[in-house]
Amino acid sequence: MPEPSSIILISSGLGGILIRYVRVQFANVKRAVDIAVVVLTLPLTVPMTFLLAFIVRKTSPGAAFYSQERVGLDGEIFHIYKLRSMRLDAEEKTGPVWASVGEDPRITKFGQFLRKSHLDELPQLYNVLIGDMSIIGPRPERPFFVNKLTRDLPDYQKRMQIKPGITGLAQVLQKADETLDDARNKLTYDLAYIKRAGWFTDFLIAIRTCLKMILGDRLFSKNKKMRKLKVFSRKNNKIASQRV
């Protein structure tokens, strides 16, 4: 008769295999869902994207679209596409910097609308279609910030275990990074999503994303009477509650 310790070891091994199998299947189905969502929304998103691009060209000098290097799955570099929301010389003197507290002088007037509504992200549906990104996942960062945050934050590279997303748990539960503490909090949410990813979680994130696009920063108000979504840090299993 097997010893109890042997039974536990075998069970944990089978459990690990089952979890890996479920995650692989989830990733495969998620890829199919990503493609379906992009294709089905093309009649709406393509005209909207080109209308916004036309306004960008008319309201500020320079190209309407721009691409930028980002770090994706397993640390692979790819080019992300966005509608331009900043001046052409935005980082000429400063180099890569985090978002400014309050109004960012680098952002154009129409760019402020694009940022608040997150419509500047529409071209990233192309990134989803070609497989660089998913609709939902950790936000892809620029190589400059990845190198810095990898040195400053343990486990930072673990967020690259899955494809980055246009939206995600960290994006809908807190504002854009302004400090290292913001990046640390975002890492907690990213690792929590990787650990607990599933259809119900993605559904909640999708709903929250729609609300954020409509309400903007008001969604982060402490006075909002919304139920709490509890997520767990992969590192210390500590509950982090944020309003949904």
* Asked: residue 79 versus (1) at pLDDT below 95; (2) in a strand (DSSP E or B); (3) not charged (D, E, K, R): which is the lone unmet condition?
  -> (1)
* To do: Give me a count of the residues in the stretch 191-204 that are closer than 21 Å to residue 33 by Cα, modelled with pLDDT of 90 or more and surrounded by 18 or more Cβ atoms within 10 Å (Cβ to Cβ).
  => 3
* Return only the number of the condition from (1) at pLDDT below 90; (2) farther than 24 Å from residue 182 by Cβ; (3) within 19 Å of the chain's Cα centre (by Cα) that residue 126 does not satisfy. => (1)
* Index of the failed condition, residue 175 passing every other in (1) within 14 Å of the chain's Cα centre (by Cα); (2) not in a loop (DSSP other than H, G, I, E, B) -> (2)
* Matching residues, the stretch 151-167, being assigned to a loop (DSSP other than H, G, I, E, B), farther than 18 Å from residue 29 by Cβ and touching a Gly at 6+ places or on another chain (Cβ under 8 Å) -> 164
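Quick one: in the stretch 106-137, which of the residues that are basic (Lys, Arg) and within 23 Å of residue 211 (Cβ to Cβ) is surrounded by the fewest Cβ atoms within 10 Å (Cβ to Cβ)?
Here is the first cut: in the stretch 106-137, the residues basic (Lys, Arg) are 106, 109, 115-116.
If we keep only those that are within 23 Å of residue 211 (Cβ to Cβ) as well, we get 115-116.
Values: 115: 20, 116: 15.
Applying the filter and picking the extreme gives 116.
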* Please enumerate the residues belonging to the stretch 23-62 that are touching a residue at least 60 places away in the same chain (Cβ under 8 Å), more than 18 Å from residue 132 (Cα to Cα) and surrounded by 15 or more Cβ atoms within 10 Å (Cβ to Cβ). => 23, 45, 49, 52
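Among the residues of the stretch 92-105, what is the count of those that are at pLDDT 70 or above and surrounded by 12 or more Cβ atoms within 10 Å (Cβ to Cβ)?
Going through the stretch 92-105 one residue at a time, the tally reaches 1.
The values are calculated or read from the model by the stated rules, or taken from the named source; none is laboratory data. Everything numeric here is computed off the predicted structure, so don't read it as measured data. Note that we place each Cβ from the backbone using ideal geometry, even for glycine, and neighbour counts take in every protein chain shown.
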